[in-house]
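Below you'll find the structure, written out as structure tokens, and then a few comments.
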Amino acid sequence: MSEPKLGLPHRAILLALMAEAREVSNTELKNRWNLTMTKPYRDVLKAEGLIVTDEETRPFRHELTERGWKWCADELSADIPARAGSVGAALYAVLSGVNRYLDREGLALSDLFKAETEITDLEDRIRRAYERLADRPKAWVRLKDLRPLLGNAPRDAVDEVLRQMDGTSDVTIIPDADQKNLTAEDRAAAVRIGNEDNHQMAIGRA
């Protein structure tokens, strides 16, 4: 299948679906982003294999396909579309910055954009695992001990949630000061934040 040639409305819809990383209804597209998923737009995006639409419900709900995610990933480094205007040009500057960040951190687009419910559920699992290991609030817990308690949660998803939790009002994630005595398990369980591997975390307000 050749690369789709899409107008600005098609691109805007795809990028909104990327940001939400879930099914989004026509109503939500309109109310949150002032985007109208007309039948012609929907037909083009479906014909190109970029979205799937649940037409059994009203309003219709749409979600990116694997090909849609690939289009979004490619769009991060795309040229500014013709007639994008100043706001559109600024958006593509942001997309370019996102692309540089993903390259620098070795992440995929799906590592960055996740459904809010998915992130919230995983954060709750991390917090409950911490409570099982810590003998008091703000006690240091090693990630090598915490990760096994998260079951089959994907490694990249756990890492992304840990990065989002770090630096919030009650979470601190830091490297081990004694780098020489780190075990292989400690190194394997570390989460990369910025340019450092971090091995332990504490949860609790001061």
Inset, instruction - Kindly check whether there is at least one residue in segment 113-134 that is touching a Leu at 6+ places or on another chain (Cβ under 8 Å), buried (at least 16 other Cβ atoms within 10 Å of the Cβ) and not in a helix (DSSP H, G or I). - result: no
Legend entry - Hits in segment 100-130 - residues which are closer than 26 Å to ALA177 by Cα and at pLDDT 90 or above: ARG104, GLU123, ILE126, ARG127, ALA129, TYR130
Inset, instruction - Please work out if TRP33 is touching a residue at least 40 places away in the same chain (Cβ under 8 Å), among the aromatic types (Phe, Trp, Tyr) and surrounded by 14 or more Cβ atoms within 10 Å (Cβ to Cβ). - result: no
Inset, instruction - Scan segment 160-206 residue by residue and report those that are under 18 Å from the mean Cα position of the chain (by Cα) and in contact (Cβ under 8 Å) with a residue 40 or more places away in the chain. - result: GLU160, VAL161, GLN164, MET165, VAL191, ARG192
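Okay, residues lined up against (1) under 18 Å from THR57 (Cβ atoms); (2) in contact with a Lys or Arg (Cβ under 7 Å, 6 or more places away or on another chain):
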{"site": "LEU15", "(1), (2)": "no, no"}
{"site": "ALA19", "(1), (2)": "no, no"}
{"site": "VAL24", "(1), (2)": "yes, yes"}
{"site": "ASN31", "(1), (2)": "yes, no"}
{"site": "PRO40", "(1), (2)": "no, no"}
{"site": "VAL44", "(1), (2)": "no, no"}
Legend entry - Elements of type helices (runs of 4 or more DSSP H) contained in segment 136-190, each with 2 or more residues being of a type in the set (Val, Ile, Thr): 155-165
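The values are calculated or read from the model by the stated rules, or taken from the named source; none is laboratory data. All values derive from a computational prediction rather than experimental measurement. All Cβ positions, even for glycine, are placed from backbone atoms using ideal geometry, and neighbour counts span all protein chains on display.
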